[in-house]
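> Have a look at this one.
The values are calculated or read from the model by the stated rules, or taken from the named source; none is laboratory data. The model shown is predicted, which means the values in this text are computed figures rather than measured ones. Note: ideal-geometry Cβ built from the backbone for every residue, glycine included; neighbour counts use all protein chains shown.
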Amino acid sequence: MVFNTGAALLDAIVLAVVSREPQGTYGYKITQEVRTAIELSESTLYPVLRRLQKDECLDVYDMEFAGRNRRYYQVTEKGRRQLNLYEGEWRNYSAKITNIFEGGKME
């Protein structure tokens, strides 16, 4: 992708991916799903997950899987509110960019 991905957009994408699973999901699966939209390494993802946890947008819990602990991330109520804000901002932003690309009037 030729466009830079800022922290807010990355937060929005991660929250959207995690919110799809009501019981939560784990880091590797989040990475794989985010990669369907943007290039992302696990070393980039984990600081985002920690920041969202610190900001109380994600809860974290561990569960055993195949004899090992797997860390799961789950969107909090605050995280859902933040995701709703991001979704509204994205719709507005993307509509304006699409309008420019399609030759519409700038407001």
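> Only residues in segment 31-45 that are farther than 13 Å from residue 9 by Cα count as the first member; pair them with residues that are part of a helix (DSSP H, G or I) and at pLDDT 90 or above, Cβ under 6 angstrom, at least 6 apart or cross-chain, and list the lot.
Between residues of segment 31-45 that are farther than 13 Å from residue 9 by Cα and residues that are part of a helix (DSSP H, G or I) and at pLDDT 90 or above, the close pairs are 31/45; 33/17; 42/31.
> Within the set of pairs 6 or more residues apart or between chains, which connect a residue that is under 19 Å from residue 26 (Cα atoms) and among the hydroxyl-bearing types (Ser, Thr, Tyr) inside segment 62-90 to a residue that is surrounded by fewer than 11 Cβ atoms within 10 Å (Cβ to Cβ) and modelled with pLDDT of 95 or more with Cβ atoms less than 7 Å apart?
none
> Could you tell me which numbered condition residue 46 fails, if it satisfies all but one of (1) touching a strand residue (DSSP E or B) at 6+ places or on another chain (Cβ under 8 Å); (2) farther than 20 Å from residue 3 by Cβ; (3) surrounded by 13 or more Cβ atoms within 10 Å (Cβ to Cβ)?
Result: residue 46 passes all but (1).
> Moving on to the next point. Is it fair to say residue 16 is closer than 17 Å to residue 87 by Cβ and surrounded by fewer than 16 Cβ atoms within 10 Å (Cβ to Cβ)?
Details: closer than 17 Å to residue 87 by Cβ: yes; surrounded by fewer than 16 Cβ atoms within 10 Å (Cβ to Cβ): no.
No, not satisfied.
> Among the residues of segment 1-36, what is the count of those that are more than 13 Å from residue 75 (Cα to Cα) and either in a helix (DSSP H, G or I) or of a type in the set (A, V, I, L, M, F, W, C) (or both)?
The number of residues fulfilling the criteria is 14.
> Ok, one more. Return the residues of segment 49-75 that are assigned to a strand (DSSP E or B) and either out of contact with any strand residue (DSSP E or B) (no Cβ under 7 Å at 6 or more places or on another chain) or of a type in the set (A, V, I, L, M) (or both); say none if nothing qualifies.
Of everything in segment 49-75, those that are assigned to a strand (DSSP E or B) and either out of contact with any strand residue (DSSP E or B) (no Cβ under 7 Å at 6 or more places or on another chain) or of a type in the set (A, V, I, L, M) (or both) turn out to be 58, 60, 63, 64, 65, 68, 75.
> Taking the condition modelled with pLDDT of 95 or more, assigned to a loop (DSSP other than H, G, I, E, B) and not aliphatic (A, V, I, L, M), does residue 39 pass?
When the stated conditions are applied, residue 39 does not pass them.
> If you don't mind, there's one more thing I want to ask. Mind checking whether some residue in segment 96-106 is at pLDDT 90 or above, surrounded by 14 or more Cβ atoms within 10 Å (Cβ to Cβ) and among the charged types (D, E, K, R)?
No, that holds for no residue.
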